[in-house]
Amino acid sequence: MCGDRQLAEDLVQETYVRVLSRPRLIRREDDLGYLVRALRNTWYDHLRSERGRRAATAETPEGPAELPGRGGDPHQALEAGEVLSALADLPEPYRETVAAVDLAGLSYAEAAKALGVREGTVMSRLYRGRERVAQALEA
């Protein structure tokens, strides 16, 4: 969802810290949905804090961002980067749905619970999101 593996791992760790510091009773066997919503809220908090930092340091020019070194096939890494870039450019509802189903491996029902929408909505957003990613990769 965030397009950066390191950041994603940090967000998962932060989510675990938040969830474990404030235990709650989970009802109706919805523990996965609760964790995904907590992760999404952690992501939103991160975005808000980043916007605040950017606004505070708007006068400071930033240098080029360094790409993390990745082993393996460079062509595969390039393709994965293009897919993640296309995914990051999707509107939020599509991005969240594609990330939940295709990246996190949730079923339609689990994604619907996690995102707070109906299962049919997950299917239509997934179709449209995948279609937009495919169109971006063809361009």
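Quick notes on this one:
- Residue within the stretch 64-74 that is modelled with pLDDT of 75 or more and exposed (fewer than 14 other Cβ atoms within 10 Å of the Cβ) present: no
- In the set (1) of a type in the set (A, V, I, L, M); (2) more than 13 Å from Val36 (Cβ to Cβ); (3) more than 15 Å from the chain's Cα centre (by Cα), the condition left unmet by Ala109 is number (2).
- Output for the stretch 103-134, where each listed residue is buried (at least 16 other Cβ atoms within 10 Å of the Cβ) and hydroxyl-bearing (Ser, Thr, Tyr): Tyr108, Thr121
- Residue that is modelled with pLDDT under 70, surrounded by 11 or more Cβ atoms within 10 Å (Cβ to Cβ) and not in a loop (DSSP other than H, G, I, E, B), where the choices are Ala77, Ala38, Ala86: Ala77
- Scope the stretch 95-110; condition within 23 Å of Ala80 (Cα to Cα) and in a helix (DSSP H, G or I); matching residues: Arg95, Glu96, Thr97, Val98, Ala99, Ala100, Val101, Asp102, Leu103
The values are calculated or read from the model by the stated rules, or taken from the named source; none is laboratory data. It should be emphasised that the depicted structure is a prediction, and the values quoted were computed from it without experimental measurement. Cβ sites come from the backbone with ideal geometry, for glycine too, and all protein chains shown count toward neighbours.
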